[in-house]
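First up is the structure itself, then whatever we jot down about it.
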Amino acid sequence: MLKVIIADDEPVIVKGLKKLIPWEEYGLSIIDEAMDGKKLWKKVTEKKPDIVVSDICMPEMTGLEFMARLKQEQIEPQVIFISGYQKFEYVQEAIQLGAVDYILKPVLREAMEGAVKKALLRLRNQERLEIFREEKNELQELLARLNSDNGYAPEELYESFCNMGIDYKGKTFVGICFYLDDKRKKRLEVENYKKAELIKFSVFNRIQNFFRDNKKGVPMKREEDCLYILCMIEPKEKGTLLSDYVLPVLDLVEQEMKTELRSGVGSFSEKASDLGYMYKSAKFAYEMRYFLDRKVICADDIHKKFTDSFEDYERLKKEILEMLVTRRPEVTEKFEECIELIKNLHYGNRYAVINRCILFSGTLNDDLKAYGAAFGEDEKRQIEFMEKMRASITYDELKQEFLDYYGLLTNQIASRAVLWENPAIAQVVNYMKAHFEEDINMRKMAEMACVNSVYFGALFKKTTGRNFKSFLTGLRMDEAKRLVITTDLRTYEIAEKVGYQNTRQFTEKFREYYGCSPAEYKRKLTEK
């Protein structure tokens with residue numbers, strides 16, 4: 001069985017994760033657990049687990065530091081992060097460092113099972129050095145270098161074609177991606193995960209044999225859920241590529257294996273040496289499946305219109321917040337406008353659309369808390385909503401989840417008596433946002449609100465959902481991060497600008513929020 005180590009500084013979380021899913025049914029055995037980052041590192045180097053499930057904010061060594069060290073030491077377990085933080089930057093950096101997934105607490109069974117399946121797919125692809133059932137040859141060696149991004153010389157490709165007896169002269173080349181219908185694949189995995197993997201492998205073998213037997217193509221690359229074929233046709237066949245080769249393959253697989261297959265077709269080229277371009281254009285067509293419900297998607301048929309800007313997005317966010325807190329019913333239409341705007345901003349990039357929606361949800365929730373329009377009972381529902389967005393198979397599914405969630409939230413807010421009916425606290429919140437770099441304390445704010453200082457703290461937390469100190473620190477850390485990213489100010493200068501006279505205290509608080517010091521944060525951004 002494959003080995004798993006679980007790490008979290010809260011024993012109750014570790015205990016819950018161990019019982020969350022039937023690990024043994026996935027061929028997994030939990031061999032150990034760790035309570036801090038240093039112990040996790042020691043156990044990983046000693047016991048060589050296949051999968052690590054870890055909180056991202058561990059004491060002694062953060063999850064991000066742990067991942068960076070894994071890369072440095074070339075140790076390759078599959079890492080699944082869990083976290084109570086909704087920080088978009090954490091998600092982004094974790095995925096860039098190679099994490100399998102980033103799951104928000106409380107961890108739902110469906111989310112963990114999805115992450116484990118991704119990890120198992122990666123492990124199987126690592127082990128599968130022989131992707132296809134035929135002996136190695138020069139072309140496969142060459143294409144393997146494309147798979148590892150090591151590049152190749154164009155003449156090497158043509159020499160390989162000659163040695164294999166492939167007639168490439170005068171041909172037109174195109175990359176074609178074949179993949180199982182996402183909904184069908186998900187149903188298969190739910191029914192029987194191992195059977196789904198076997199079907200996928202058999203389907204890709206059948207496609208490979210079809211092009212090899214017709215001497216029209218060779219396997220170019222195999223990824224977790226799709227197969228790329230380098231197709232070689234006569235120039236006059238460009239107009240009939242779909243009817244002569246692509247659709248017959250889809251029909252053949254569906255008839256023989258009773259499973260629905262789809263395809264993404266890249267751009268044409270007259271030079272086989274444009275291998276990278278052909279792969280990337282086919283991959284673009286494949287990724288467009290999230291937005292387009294088509295059996296065959298052709299890259300050359302997709303045209304993006306840049307009609308929206310990030311300025312439009314920021315303006316709309318502010319407008320939605322204002323309409324929510326003033327309980328204007330037409331805000332429902334603004335949510336639909338917002339999700340379409342997000343789609344247009346990131347059209348063609350599923351993960352960018354999903355992450356933008358998650359970022360929108362997190363920041364809007366924080367703003368609603370500041371106005372007292374969100375309460376503790378909303379947290380769990382919001383986390384479930386984010387997980388559903390991550391799991392969406394199509395943009396239409398994502399859009400429906402988005403509109404359903406915010407439709408319900410709008411109705412709930414309209415029925416509450418919240419902060420905007422308490423002008424004294426609203427005045428304090430607005431003052432803190434404008435003057436957080438000054439010497440702000442609870443006594444002064446209580447005086448501003450004309451409230452007894454003993455009662456003020458409880459009133460502030462009740463109406464905003466956060467205690468006074470936490471709210472003020474959040475404002476300062478948000479601005480500190482912005483200054484780190486957008487300026488060349490030194491750490492002590494940033495500390496002063498966000499209200500800290502003690503640079504060490506500021507650095508410790510920044511590390512607590514973002515997992516590293518301001519200088520380290522800047523360096524990591526520069527390296528990226």
Which of (1) surrounded by 15 or more Cβ atoms within 10 Å (Cβ to Cβ); (2) more than 29 Å from the chain's Cα centre (by Cα); (3) in a loop (DSSP other than H, G, I, E, B) does residue 329 not meet, given it meets every other one?
(1)
Going by the conditions given, is residue 75 open to solvent by 40 Å² or more (accessible area, probe 1.4 Å) and either of a type in the set (Gly, Ala, Ser) or at pLDDT 90 or above (or both)?
no
Looking at (1) closer than 19 Å to residue 343 by Cα; (2) open to solvent by less than 50 Å² (accessible area, probe 1.4 Å), can you tell me which one residue 301 breaks?
(2)
Okay, helices (runs of 4 or more DSSP H) sitting entirely in region 433-508 with 1 or more residues that are modelled with pLDDT under 90 and open to solvent by 40 Å² or more (accessible area, probe 1.4 Å), I get 442-449, 453-464, 468-486
What helices (runs of 4 or more DSSP H) lie completely within region 171-276 and have 1 or more residues being among the small types (Gly, Ala, Ser) and closer than 30 Å to residue 119 by Cα?
193-213
Give the residue, chosen from 336, 311, 379, that is among the charged types (D, E, K, R) and at pLDDT below 85.
379
Touching a helix residue (DSSP H, G or I) at 6+ places or on another chain (Cβ under 7 Å) and surrounded by fewer than 18 Cβ atoms within 10 Å (Cβ to Cβ): which single residue out of 24, 10, 33, 60 fits that description?
60
From the option list 280, 238, single residue qualifying as open to solvent by 60 Å² or more (accessible area, probe 1.4 Å), over 28 Å from the mean Cα position of the chain (by Cα) and basic (Lys, Arg) is 238
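Consider residue 29 carefully, then state whether it is under 29 Å from residue 481 (Cβ atoms) and either out of contact with any His (no Cβ under 7 Å at 6 or more places or on another chain) or not in a helix (DSSP H, G or I) (or both).
no
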Filter result (part of a helix (DSSP H, G or I) and touching a residue at least 24 places away in the same chain (Cβ under 8 Å)) within region 307-326
310, 312, 313, 316, 317, 320, 321, 324, 325
In this structure, is residue 275 open to solvent by 30 Å² or more (accessible area, probe 1.4 Å) and of a type in the set (A, V, I, L, M)?
no
State whether the residues of region 205-228 include one that is in contact with a strand residue (DSSP E or B) (Cβ under 9 Å, 6 or more places away or on another chain), open to solvent by 60 Å² or more (accessible area, probe 1.4 Å) and under 30 Å from residue 26 (Cβ atoms).
no
Complete set of residues in region 288-306 that are in a loop (DSSP other than H, G, I, E, B) and of a type outside the set (Asp, Glu)
291, 292, 294, 295, 302, 303, 304, 305, 306
Pick from region 249-266 the residues that are open to solvent by 20 Å² or more (accessible area, probe 1.4 Å) and in contact with a helix residue (DSSP H, G or I) (Cβ under 8 Å, 6 or more places away or on another chain): which of them is nearest to residue 280 (Cα to Cα)?
262
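The values are calculated or read from the model by the stated rules, or taken from the named source; none is laboratory data. A quick note: this is a predicted structure, and the numbers were derived from the prediction, not measured. Here Cβ is always computed from backbone atoms with ideal geometry, including for glycine, and neighbour counts include all displayed protein chains. Accessible surface areas use protein heavy atoms only, side chains included; no ligands, DNA or RNA. Shrake-Rupley method; radii C 1.70, N 1.55, O 1.52, S 1.80 Å.
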